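The values are calculated or read from the model by the stated rules, or taken from the named source; none is laboratory data. Source: prediction; values computed, not measured. SASA here: full protein model, heavy atoms, side chains in, ligands and nucleic acids out. Shrake-Rupley method; radii C 1.70, N 1.55, O 1.52, S 1.80 Å.
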Amino acid sequence: MKREDIRNIAIIAHVDHGKTTLVDELLKQSGTFRSNQVVQDRVMDSNDIERERGITILAKNTAVFYNGAKINIIDTPGHADFGGEVERVLKMVNGVILVVDAFEGAMPQTKFVLRKALDLDLPVIVCINKIDRPEARPQEVIDEVLELFIDLDASEEQLDSPFIYASAKKGVAVLEMGDTPESMQPLFETIINYIPAPEGDPDANTQVLISTIDYNEYVGRIGVGKVDNGTIKVNQEVVLVNAHDPNKNQKVKISKLYEFEGLKKVEVNEATIGAIVAISGIPDIHIGDTICSPENPEPIPFQKISEPTIAMDFIVNDSPFAGQEGKYVTSRHLRDRLFKELNTDVSLRVEETETTESYKVSGRGELHLSVLIENMRREGYEFAVSKAEVLYKYDEKGKKLEPIERAYIDVPDEFSGTVIEKLSQRKGELQGMANGSGGYTRLEFLIPARGLIGYRGEFMTDTKGNGILNTIFDGYGPYKGDIQYRKQGSLIAFETGEAITYGLFNAQERGTLFISPGEKVYSGMIVGQNGKSEDIEVNVCKRKQLTNTRSSSSDEALRLTPPRILSLEQALEFIETDELLEVTPTNLRMRKKILD
Ligand code: GTP
């Protein structure tokens with residue numbers, strides 16, 4: 001059976017090229033919202049942090065109706081650190097819309113996501129977005145995208161992909177640049193005509209591969225996946241087949257089944273071939289499980305989840321300021337919150353340590369962990385974090401291996417020298433260098449993940465905020481030896497909200513610090529400009545105090561408590577002898593200030 005009434009698509013793009021805006025517009029124009037209803041901007045990003053950073057973190061499902069057909073749309077995460085998610089959601093769809101900014105053109109993440117779609121033989125609709133931008137150069141961008149297709153060994157058929165020009169912001173799309181823009185209709189039509197309807201046998205044995213997990217306080221874990229075969233019904237007895245371990249298979253009864261409509265889930269009694277469904281009531285459901293009918297249960301092969309490469313300790317905030325800013329300060333609070341996160345984030349790992357004051361949290365990169373930290377702070381958790389450390393492995397011969405990232409960098413020509421120098425110091429190896437458009441140089445590096453810790457903030461300063469840095473996990477490689485950081489002159493001032501967060505990681509690296517010009521701060525903060533000697537106000541909490549038990553550390557901590565004024569030289573001296581550690585209230589306050 002061919003489900004002409006369904007299309008399943010994913011929207012893929014480089015960060016900020018406009019996926020979320022496009023999906024919002026498709027929702028509005030398909031009448032998912034009544035016209036008199038005020039539509040919140042960027043409805044897709046329900047999570048605050050996502051909204052603020054503009055990065056879509058978790059893949060989200062939504063569905064719109066067009067001419068009687070239901071279009072299931074999956075918004076994918078825009079950052080490489082969350083790359084595993086992209087691959088998994090692509091397994092649910094029959095085609096993708098590749099959104100490319102009409103000015104920025106093809107970017108590293110464009111290539112990364114396009115490769116994944118082409119590897120899975122998915123039809124691609126190329127959507128050149130932001131054509132309203134005055135500097136838009138749609139024709140050149142089309143050539144760049146075609147070059148990408150060729151680079152990636154696209155088939156004849158894939159090279160024939162339809163192109164569409166859009167301004168998601170204005171809610172219009174056209175098939176040819178000269179056409180009069182009216183609405184998103186040309187895009188809706190292209191989706192219906194070009195993306196194949198899902199096909200299968202509704203009477204075959206049931207198979208639903210669980211591709212994402214949602215979590216809700218009231219109903220618990222919710223598995224989301226596509227009905228690949230057969231039909232799934234409420235009250236049906238099924239087997240939940242574990243992708244890796246048949247001993248973990250379990251018999252369950254389907255109690256609640258939902259489909260997506262707009263941004264909501266609606267309960268249904270049954271769903272068949274091609275439908276994207278959500279299933280609640282199975283506490284032990286995991287990504288990669290296949291729901292099968294009991295007769296001949298067969299799992300669907302499943303995309304492996306990317307391993308964590310970086311770890312940090314989350315530590316109970318033992319400073320005398322604990323409880324001033326946040327609601328949740330105890331070890332129990334911290335523990336419960338971290339373990340709850342595991343319900344929805346499969347690339348995350350949380351481990352107990354010898355002390356209940358501290359938990360080891362591992363993730364898929366700096367950004368991944370920084371998003372979790374920010375989320376928790378927003379919710380009122382107060383805690384400290386240790387410096388980030390990469391997770392090493394050992395090969396059969398006992399040789400040490402470390403995670404290597406591939407970094408793609410676009411910088412104004414005049415800054416390329418500095419960037420190359422800095423990354424080389426950090427054991428980066430230049431893989432390629434090319435002149436990009438508009439006075440930009442494009443660089444490609446292979447660099448140990450630890451070499452990137454704390455680098456983003458420095459990069460933004462070195463390129464005056466005009467550089468673009470993207471990293472993709474490349475794999476484990478031989479350990480590259482110690483990295484010698486320059487001890488002096490690496491103080492940086494951050495002024496944007498975005499950079500503050502990266503500053504946080506800078507602080508956890510030897511000799512590189514938090515900055516906040518003119519800010520009054522309580523902990524681990526040092527103000528200064530590159531090379532400039534400025535007075536700073538600082539109250540430092542040392543790591544060892546925080547990891548010790550409360551009673552033995554409180555004396556030490558109190559002695560350091562009153563804010564001290566240090567000169568830049570004193571600060572550098574201090575940093576060479578002690579590890580700096582960031583404590584919650586300061587950053588919270590700073591962020592608040594910036595957001596206000
Ligand atoms: P991530 O979720 O971070 O991957 O970003 P995204 O691809 O979802 O991009 P998003 O929709 O958040 O848009 C990024 C920025 O581009 C926002 O500031 C949008 O307002 C802007 N934008 C999106 N579409 C258009 C467009 O058609 N024209 C113009 N001028 N700006 C647009």
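General remarks:
- Overall dimensions of the stretch 239-308 by Cα: Rg and Dmax, Å: 13.3, 38
- For the stretch 108-260, the C-alpha radius of gyration divided by 2.2 N^0.38 Å, with N the number of residues, is 1.40.
- Contact order relative to length of the stretch 298-451, as percent, for alpha carbon pairs under 8 angstrom and 6 or more apart: 24
- Counting heavy atoms of the protein chains alone, Arg450 has an accessible area of about 30 Å² for a 1.4 Å probe.
- Here the stretch 152-238 is treated as a sphere whose radius is the Kirkwood value from Cα pairs; by Stokes-Einstein at 4 °C and 1.567 mPa s it diffuses with a coefficient of 75 µm²/s.
- Amide proton proximity set for Ala204, modelled H, under 5 Å, gap of 5+: Gly230
- Alpha-carbon centroids, the stretch 283-302 and the stretch 394-408: separation in whole Å: 33
- Rolling a 1.4 Å probe across all protein chains gives Glu199 an accessible area of roughly 130 Å².
- The convex hull defined by the C-alpha atoms of the stretch 337-416 has an orientation-averaged projected area of 8.9 nm².
- Relative contact order (percent, whole number), the stretch 145-240, Cα cutoff 8 Å, 6+ residue spacing: 16
- Projected onto its three principal axes, the C-alpha set of the stretch 225-363 covers 60, 33, 23 Å, listed from the longest axis down.
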